[in-house]
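Novice: Shown below is the structure under consideration.
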Amino acid sequence: MPNAGTFDGTISFWVIVCFTLPFAFALFGRMMWAVVACLEAVIPQVQEVQVEKIVYRDREKIVYRDRVKTPKATVSAVADTPTFTTDLQIISDTVDALKGLGFRATDIKGVIKDLCVSKSYSNAESLLNDCLKQLK
């Protein structure tokens with residue numbers, strides 16, 4: 001028993017490690033939780049989930065997708081979109097006048113859209129005349 005009377009400190013080291021290690025893990029976990037919360041605030045989340053439904057002859061299978069499908073812009077889609085060069089006040093005056101004459105709003109908007117794509121109007125009278133020619 002040469003070592004019976006000496007104290008080397010290994011027991012006290014392990015006691016300190018066993019009692020402080022859970023607190024250290026809790027502190028580390030709390031710091032990681034804060035980092036993740038900050039990243040969630042900075043990085044935008046997916047706003048909507050699209051559901052793709054696949055139907056078989058005998059059963060139905062539902063597949064969930066977590067990504068948003070954005071429509072791709074093509075040259076033909078951009079070229080086909082109408083651009084109005086006519087003032088909006090002229091268009092609204094013409095719509096009001098045609099509604100007063102008894103035409104439906106859906107018919108009016110379609111005719112005005114077609115006419116304004118092909119020609120620019122400076123007054124409501126000329127637009128009204130062309131619309132009446134198209135609607136009759």
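Novice: Can you put Glu40, Glu125 in order of Cβ neighbours within 10 angstrom, beginning with the fewest?
Specialist: Glu40, Glu125
Novice: Here's a follow-up. Between Phe28 and Gln134, what length comes free when the chain is fully extended (0.36 nm per residue of separation minus the Cα-Cα distance, one decimal in nm)?
Specialist: Additional length available on full extension: 30.8 nm.
Novice: Between Ala37 and Val17, what FRET efficiency comes out of the Förster formula 1/(1 + (r/R0)^6) with R0 = 41 Å and r the beta carbon distance, rounded to 0.05?
Specialist: So the FRET efficiency works out to roughly 0.85.
Novice: Normalised by the empirical 2.2 N^0.38 Å for globular proteins, what value does the Cα Rg of region 92-136 take?
Specialist: 1.00
All of the numbers you see were taken from the coordinates with simple rules; none came from a lab. Predicted model only: the values in this text are computed from it and were never measured. Glycine gets a Cβ as well: all are built from the backbone with ideal geometry, and neighbour counts include every protein chain shown.
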